[in-house]
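See below for the structure under consideration.
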Amino acid sequence: MRLTLRQLEIFAAIAKTENVSRAAERLTMSQSAASNSLVELERAYDCPLFDRVGKSLRLNATGQGLLPLAESLLSQASDVEAYLSGGKLGPVSVGATMTIGNYLATLIIADYMHQHPEAPVALHVANTDAIVEQLLRYECDVGLIEGEVSHPDLLIEPWMDDELVVFCAPGHQLSGQGSVDNETLARQQWILRERGSGTRSHFDREIGRHLDQVNLRLELEHTEAIKRAVESGLGIGCLSRLALREAFRRGSLVEIGTPQFSLGRRFYFARHRQRFESAAARCFRQLCASATEGASSTAGLQLPFIP
């Protein structure tokens, strides 16, 4: 065989960083060693894998075809190493959207780490668009997403049900009024998630398009920032019930009735179709499913107190 796993590992790192220096740093090796490895791989098969654009390296068509094969083989090699080391799980990288990452994934990861203390795990929290990009670039083994995604390279599997809730501060004029009509909602100041998030996409689709206007006062990336702004009386918001459970329990925020809208949605598992699912990734995904088993939705979850 004319290639080695190390060559494939270096190739994959360069493909992800688009830079030999950053790839070498990630792999704790010298830049010259990483560069020589890539050159040897390309010369061995007389097949360039990158287009050189200044100091950046962009995968060409051949490189794009090789990357999923290399990632799959590297994942399988990691499983072989784990098996030969006594059955220990290898590393797993998890990408989670904001709501899931802040209110659910951290609890599941804590359970995973207690069960497998020797297994490295990394969590990346971002909005849906960013997690999808990470999956497509092979930077995450499994994604936990709240937005509806359709991409030919991704395998999307339903996980559990969730719902969005419109809410306000206890002292707001809409507090305690029961159901609120669309005309009233169109006059309110809204504090919402940024575009590209699953929460914002669902809001735009199920609420925004039914209002004459959406007076957007603030657009924030973090659910906690939105909750604090709404608590301060700056406007009303719309977030997952999962993110609002403790605030509702304390009474610092209250739900606004909007039965005219369909605000139910789902959380999903997402992974790359062409990437081999390692034993660690499979174990983590199964733990996610078992951790929420028996709860038909996030409203039925029994979670520890989250301040």
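Read-outs throughout are calculated quantities, based only on the coordinates presented, and are distinct from any laboratory measurement. Keep in mind the model is a prediction, meaning the values are calculated, not measured. Note that we place each Cβ from the backbone using ideal geometry, even for glycine, and neighbour counts take in every protein chain shown.
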For L123, enumerate residues with amide H under 5 Å from its amide H, sequence gap 5+ or separate chain, H modeled in the peptide plane. V94
Tail beyond 12 Å, pair distance distribution of the stretch 156-201 (Cα, percent): 74
Computed FRET value (nearest 0.05) for H151 with H210, which takes r as the C-beta separation and R₀ as 30 Å: 0.60
So, in nm, how far is label M113 from label L287 when the simple model puts each one 7 Å beyond its Cα toward the Cβ? 1.0
Give the distance, in whole Å, between the Cα centre of the stretch 1-69 and the Cα centre of the stretch 229-250. 47
Averaging over every viewing direction, what projected area does the convex hull of the Cα atoms of the stretch 5-84 cover, in nm²? 5.3
Dimensionless Rg over Rh [the stretch 1-145; C-alpha; Kirkwood]: 1.01
Cα to Cα, under 18 Å, and not fewer than 8 places away if on the same chain: which lysines meet these conditions relative to K16? K55
Please give me the summed charge of the neighbours of G264: other residues whose Cβ is under 14 Å from its Cβ, Lys and Arg +1, Asp and Glu -1. -2
At R0 = 30 Å the Cβ-Cβ FRET efficiency linking Q189 and T106, nearest 0.05, sits at 0.45
What span do the alpha-carbon atoms of the stretch 1-47 cover on each of the three principal axes, reported in whole Å from largest to smallest? 26, 17, 16
Share of antiparallel DSSP beta bridges in the chain, in percent to the nearest 5? 55
Net charge (Lys, Arg +1; Asp, Glu -1) of residues whose beta-carbon lies under 15 Å from that of A247, A247 excluded, is +2
Diffusion coefficient in µm²/s returned for the chain by Stokes-Einstein, Kirkwood Rh over C-alpha pairs, 4 °C and 1.567 mPa s, is 60
